[in-house]
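S.K.: For reference, the structure I am asking about is given below.
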Amino acid sequence: MKVVEGAIKYPVTTAVGVLLVVLFGLLALFRLPVQMAPVVEEPQLTVTTVWPGASPLEIEREIVDEQEEQLQSLEGLVRMKSTSQRNMGVIELTFQTGTDIDAALLQVNNRLQQVPEYPADAERPVLAVAGAENQAAAWFVLTPTAENPFSGDLSTLQDLIEDTVVAAFERVPGVAASDAYGGRQHEMHVVVDPARLAARRVTLDQLVAALERENRDFSGGDFVEGKRRYVVRTVGSYESEQAIEDVVVAVQDGVPIYVRDVANVELGLRKWESRGFYLGTPTLAIRVVSRSGANVLDVMKELKLTAARLDQEVLAPLGLDLLQVYDETEYIEGAIGLVKQSLLLGAVLAIAILMLFLRSPSSTLVVAVAIPISIVGTFLLMLWLGRSLNVVSLAGMAFAVGMVVDNSIVVLENIYRHRQLGKGRVRAAYEGAREVWGAVLASTLTTIAVFVPVLFVREEAGQLFRDIALAIACAVGLSLVVAMTVIPSLSAKILETARSRGGTRGFHDLWGMTALAARAGRGITGLVYGICGSTASRLAVVAGLTALAVGGSILLAPETEYLPSGNRNFILGVMNAPPGYSVDEMVRLQQPFVDALEPLWAAPPDARDELPGGGLRDMFFFTFGNTIFVGASAGDPDRVGEVLERMNGVLSQLAGVEGFIGQVGIFQRDLGPGRGIDVDVVGPDLERLVAITRELRDRLARAIPGSRPRTEPELNLSNPELRVYPDRRRAAELGLSNRQLGIVVSALVDGIKASDYRYQGREIDLVVIAEPGHAHRTHLLEQMPIATPNGQQVTLGDVARLVPESGPTEIRHVDRHRAFQISLTPPESMPLSTAMGIIEREVLGPLRADGTLAGLYRARLSGNADKLTQTGRALGFNLVLAVVITYLLMAALFESFLYPLVILFSVPLAGLGGILGLAVLNLTTGRQALDVLTMLGFIILVGTVVNNAILIVHQTLNHLREGERDRRLAIREAVRNRIRPIFMSVATSVGGMLPLVLFPGPGSELYRGLGSVVVGGLVVSTIFTLFLVPALLSLVLDARAALRRRLRALAPPREPAVAE
């Protein structure tokens, strides 16, 4: 072993190598981006097309259907969803993981160019990358200051906030986007009096065309006069309201008709698009989204500095204050702090356990150096691999704390044994390390190899596994290098053997406990020797323990969840108001929440501990279209559930309002419930689809009580509409085209953009709109006078029929089929897989059987339910693949296909131990589901529990090679020689992981279940492996020997050589 020999011969070089690894590892630590969780890649693109004034049915027919026809055959497309709503259509395209998003953008853009045509008033489609960057890192609200407060209307400050606050936030490094909500942008309004317009025989079409035509500047070139060069410009753009009023719309009988003759020009505000309230008071909210891969802690620090500067320079003079109401880093810092604490405590426990076993400071120091070298070196490898420092990767390092000393324990214990035989330090260090290098290499490679399949799991959960897999693999890989270089080098310099103290008791013998441990060891080896003496006892042990492991695992296996939700101090509710609700009516829905929650935030600070949630820190209420968002944060982060219960009580009392309120999950990527199940119902006819979806929703509510199913979009197709049907013959006689009539109606009702106007340094819309009250009553709209192109004055009712009707508020498609989505959240006591089974058996199955769901009408589980199914399949395959890889590696290292099979018999015992460990955690610390992160623990066990079996098999073969002919004695001696390092490595591994399992707190939901599975699997497998593996190995060796004797007996005798 040149590596071991070199490390012993050149200790300074070895020390320099260690120092360089630690130095660069520490430098890498400060360069690693800090995040809550690993970045999950799910390539998504959105195509947004705006068509002002269009209904959902028109958006679907004229825009979405045409675009979907071109996009449906995109390469790598997994799912295509679309939403057709008033004024806008949005298509969401999800591609296979690993798709080049830039290439996909180009491909989508090319396909959109093939759409035959768009409506004349529709804007060009806008493409955007979606998915990773849609969760807010911070929210700020605008509030009046205590002294000299702002007394105006906050909604009028939308332009100011966008130009100052939003712009400043977007310049912060690491910020992807920032938006402002709750205000109204300025517009320059040309307020038309329809009667005056009609009296002067001027059409709205003429007015709009004149305003657009006159608002232009033209370059006239340049000329030189003397020493000067003049640039010639024709200036027509509007610079004041007066300039707009002076525009000539038409000339009739030689008399000019100005804008001021038919309209008033005034600065106004857009219609409400969103309304915002903070603690019951109107406000503007600013959202900040961090860039994928950015260091969130650095981003937040810069955001706070920027907010403080804006407060001082811009907002304070106006009597305003920028208040941060949500900070993602609070949870991140708490979660990462908890993992760091667990990591350090785990390291201390591992070292303390080493000290108890070794009872020698020098020996403990030799082994303990593996922990900082391996962990700090892992930071360097993580940076090189492009990973981040997050709760998942740190948890992987914390798990590795106890595992990285395993190799060092085996090497040191063998060196120590050689020292006890009387060898010198250098010789003992070399021969002890050389003797076990094969077993150490085998155990390390098997531990690392089980993570190889995990790296290729492409689903969301697989991408989360990647960081913990890489962290453990890097740390364990480095521990092999430390064990074969640093441990022999240090042992050759400082390792001492324990000396007898003449019968006195003390720490050197743990006050007599070592004698008890020795007797226990002798008892175990004696029992092993006894078991190996009888074929019946060996078969009974192997068959009994294997049957117990397999049968117990099947019987006790719990139901599964998808991903843990976490315990963020952030409650979010999404609700749909009844169809046709006005903005003011939706705002009134805030009052029940204010009545219920105001006592929680208005109470004095010293009295809040007695209130639900420890009082309320923040509460907001926002409306967007027909959707309402309500959110809150508790005063005590550990009591969020108490506030959530009160808010859900309010929701249950709101008649006609559908929605949910829940805690925002750690991995939540959308506005749905964190652990929700989605059911997509598709079919062609909208009315029949509504009936089927309603029936399905009602059955879901009965099958899973407390799940509160809600549908998107709403099932109610009675959103009030006033449809204008032109009388084409009458309109043609009067010279009115359908387009001109559409402009008239748009201008009278909502206003129509004619051009732009520069206001306070920015472009705002110049809008032609009717006087308030003229067109906002159904009976008045029909009587509205309009002028025709041929100079006649008629009413809108003369050329069109106005019919009150109803229609959908929104139309959704899934892969081109009309669809409704039912979302529900099972009770906390019901695992996701159980709820999925109930839905399939009791709801979808009967509907398929009676023909309700047949033909073009189908329903399927989607969302987290679909992801759980896909990830479960991937993990099952990867578990089998991990076992196969482990077997093949051991076969190559042992040069045998037989001995690895013996070793793999320890894996079922680990599976049973993992299930029992999870059960104990549930009994002692509350509910911990078997989610997909916890499932990773079983894959980790495949690579770790075989290490103990490897030591026994490897040492047995060493004894047989050294001349021990009695196989039974060889096995007994192998168990006797390796029982101490086995218990040491398991004890240090368990000690290193226990803090992760036992300490609750932010983010602990991610790794507690995984830790309990690994700890339980290690403990149970270690206890029973000491009996199962020797018994099976003894049977295999005896069978092999018998087979050899049989073959030798059957072989023909050799003929004696004939001397010449």
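S.K.: Which of the residues that make up the range 265-302 are closer than 26 Å to GLU187 by Cβ and either part of a helix (DSSP H, G or I) or of a type in the set (Asp, Glu) (or both)?
M.R.: Once the filter is applied, which keeps residues that are closer than 26 Å to GLU187 by Cβ and either part of a helix (DSSP H, G or I) or of a type in the set (Asp, Glu) (or both), the range 265-302 yields GLU266, GLU273.
S.K.: Evaluate the range 40-57: report whether one residue or more is buried (at least 19 other Cβ atoms within 10 Å of the Cβ) and without any contact (Cβ under 8 Å) to a residue 60 or more places away in the chain.
M.R.: no
S.K.: Moving to a separate point now. Name the residue that is surrounded by the most Cβ atoms within 10 Å (Cβ to Cβ), counting only residues in the range 453-468 that are under 13 Å from the mean Cα position of the chain (by Cα) and in a helix (DSSP H, G or I).
M.R.: Among them, the one singled out is PHE465.
S.K.: Quick check on the range 78-91. Is at least one of its residues at pLDDT 90 or above, of a type in the set (Gly, Ala, Ser) and under 30 Å from ASP327 (Cα atoms)?
M.R.: No: the range 78-91 contains no residue that is at pLDDT 90 or above, of a type in the set (Gly, Ala, Ser) and under 30 Å from ASP327 (Cα atoms).
S.K.: May I ask you to list the residues in the range 847-878 that are over 24 Å from ALA461 (Cα atoms) and free of Cβ contacts under 8 Å to residues at least 12 places away in the same chain?
M.R.: We begin by selecting, within the range 847-878, every residue over 24 Å from ALA461 (Cα atoms); these are 847-859.
Once the filter is applied, which keeps residues that are over 24 Å from ALA461 (Cα atoms) and free of Cβ contacts under 8 Å to residues at least 12 places away in the same chain, the range 847-878 yields ARG848, ALA849, ASP850, GLY851, ALA854, GLY855.
S.K.: Turning to a different aspect of this structure: Taking the conditions exactly as written (in contact (Cβ under 8 Å) with a residue 40 or more places away in the chain, out of contact with any Cys (no Cβ under 7 Å at 6 or more places or on another chain), assigned to a loop (DSSP other than H, G, I, E, B) and among the charged types (D, E, K, R)), does ARG434 satisfy them or not? Can you show your working first?
M.R.: Numbers: in contact (Cβ under 8 Å) with a residue 40 or more places away in the chain: yes; out of contact with any Cys (no Cβ under 7 Å at 6 or more places or on another chain): yes; assigned to a loop (DSSP other than H, G, I, E, B): no; among the charged types (D, E, K, R): yes.
Judged against the criteria, ARG434 is not a match.
Okay, residues lined up against (1) assigned by TED's automatic domain parsing to the domain that holds LEU654; (2) of a type in the set (Ser, Thr, Tyr); (3) more than 27 Å from LEU824 (Cα to Cα); (4) modelled with pLDDT of 85 or more:
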site: SER565; (1), (2), (3), (4): no, yes, no, no
site: ASN576; (1), (2), (3), (4): yes, no, no, no
site: PRO579; (1), (2), (3), (4): yes, no, no, no
site: PHE593; (1), (2), (3), (4): yes, no, no, yes
site: GLU598; (1), (2), (3), (4): yes, no, yes, yes
site: LEU611; (1), (2), (3), (4): yes, no, yes, yes
site: GLY614; (1), (2), (3), (4): yes, no, yes, yes
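S.K.: In the range 210-225, which residue that is small (Gly, Ala, Ser) and free of Cβ contacts under 8 Å to residues at least 40 places away in the same chain is farthest from THR788 (Cα to Cα)?
M.R.: Within the range 210-225, the subset small (Gly, Ala, Ser) is 210, 219-221.
Subset that is free of Cβ contacts under 8 Å to residues at least 40 places away in the same chain: 219-221.
On the way: SER219: 36, GLY220: 37, GLY221: 40 Å.
So, considering only residues that are small (Gly, Ala, Ser) and free of Cβ contacts under 8 Å to residues at least 40 places away in the same chain, the one farthest from THR788 (Cα to Cα) is GLY221.
S.K.: Can you tell me which residues in the range 140-155 are under 18 Å from PHE622 (Cβ atoms) and exposed (fewer than 14 other Cβ atoms within 10 Å of the Cβ)?
M.R.: ASP153
S.K.: Can you name the condition, by its number, that VAL314 falls short on among (1) touching a strand residue (DSSP E or B) at 6+ places or on another chain (Cβ under 8 Å); (2) more than 30 Å from SER989 (Cα to Cα); (3) touching a residue at least 40 places away in the same chain (Cβ under 8 Å)?
M.R.: Failed condition: (1).
Residue-wise test of (1) over 22 Å from ASN567 (Cα atoms); (2) surrounded by fewer than 24 Cβ atoms within 10 Å (Cβ to Cβ).
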{"site": "GLU895", "(1), (2)": "yes, yes"}
{"site": "SER906", "(1), (2)": "yes, no"}
{"site": "ALA910", "(1), (2)": "yes, no"}
{"site": "LEU933", "(1), (2)": "no, no"}
{"site": "ILE940", "(1), (2)": "yes, no"}
{"site": "GLY943", "(1), (2)": "yes, no"}
{"site": "ASN948", "(1), (2)": "yes, no"}
{"site": "GLU962", "(1), (2)": "yes, yes"}
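S.K.: Evaluate the range 341-355: report whether one residue or more is closer than 20 Å to ALA429 by Cβ and crowded, with 19+ Cβ neighbours inside 10 Å.
M.R.: The answer is yes; a qualifying residue exists.
S.K.: If VAL814 satisfies every condition in (1) in contact with a Lys or Arg (Cβ under 6 Å, 6 or more places away or on another chain); (2) farther than 30 Å from SER862 by Cα but one, which is the exception?
M.R.: (2)
S.K.: For the range 921-1009, which helices (runs of 4 or more DSSP H) that fit wholly inside it have 1 or more residues that are in contact with an Asp or Glu (Cβ under 7 Å, 6 or more places away or on another chain) and within 18 Å of GLY402 (Cβ to Cβ)? Spell out how you get there, then give the answer.
M.R.: Values: elements: 932-944, 946-961, 967-998.
The helices (runs of 4 or more DSSP H) meeting that bar are 946-961, 967-998.
S.K.: Also: Got a number for residues in the range 723-746 being over 14 Å from GLY53 (Cβ atoms) and either surrounded by 13 or more Cβ atoms within 10 Å (Cβ to Cβ) or of a type in the set (Ser, Thr, Tyr) (or both)?
M.R.: Counting residues in the range 723-746 that are over 14 Å from GLY53 (Cβ atoms) and either surrounded by 13 or more Cβ atoms within 10 Å (Cβ to Cβ) or of a type in the set (Ser, Thr, Tyr) (or both) gives 13.
S.K.: I've got another one for you. Please find, within the range 161-170, the residue that is nearest to TYR759 (Cα to Cα) out of those that are in contact (Cβ under 8 Å) with a residue 24 or more places away in the chain and either out of contact with any Phe, Trp or Tyr (no Cβ under 8 Å at 6 or more places or on another chain) or among the basic types (Lys, Arg) (or both).
M.R.: Ranking the qualifying residues of the range 161-170, first place goes to ASP163.
S.K.: Between ILE336, ILE353, which is outside the structural domain of ASP618 (by TED's automatic domain parsing), out of contact with any Leu (no Cβ under 7 Å at 6 or more places or on another chain) and under 30 Å from LEU29 (Cα atoms)?
M.R.: ILE353
S.K.: So which of VAL369, VAL392 ends up being more than 30 Å from VAL165 (Cβ to Cβ), assigned by TED's automatic domain parsing to the domain that holds ILE494 and modelled with pLDDT under 85? Reasoning before the result, please.
M.R.: Details: VAL369 fails: modelled with pLDDT under 85.
Only one candidate passes the filter, namely VAL392.
S.K.: Could I ask something else about it? Can you pull out the helices (runs of 4 or more DSSP H) entirely within the range 756-863 that have at least 2 residues that are in contact with a Leu (Cβ under 8 Å, 6 or more places away or on another chain)?
M.R.: Where helices (runs of 4 or more DSSP H) fall fully within the range 756-863 and carry at least 2 residues being in contact with a Leu (Cβ under 8 Å, 6 or more places away or on another chain), they are 778-782, 796-799, 832-838.
S.K.: Can you report the number of residues in the range 80-110 which are under 30 Å from ASN738 (Cβ atoms) and either free of Cβ contacts under 8 Å to residues at least 24 places away in the same chain or in a helix (DSSP H, G or I) (or both)?
M.R.: Looking only at that region, the number is 0.
The values are calculated or read from the model by the stated rules, or taken from the named source; none is laboratory data. Predicted model only: the values in this text are computed from it and were never measured. Virtual Cβ from ideal backbone geometry, glycine too; neighbours counted across all protein chains shown.
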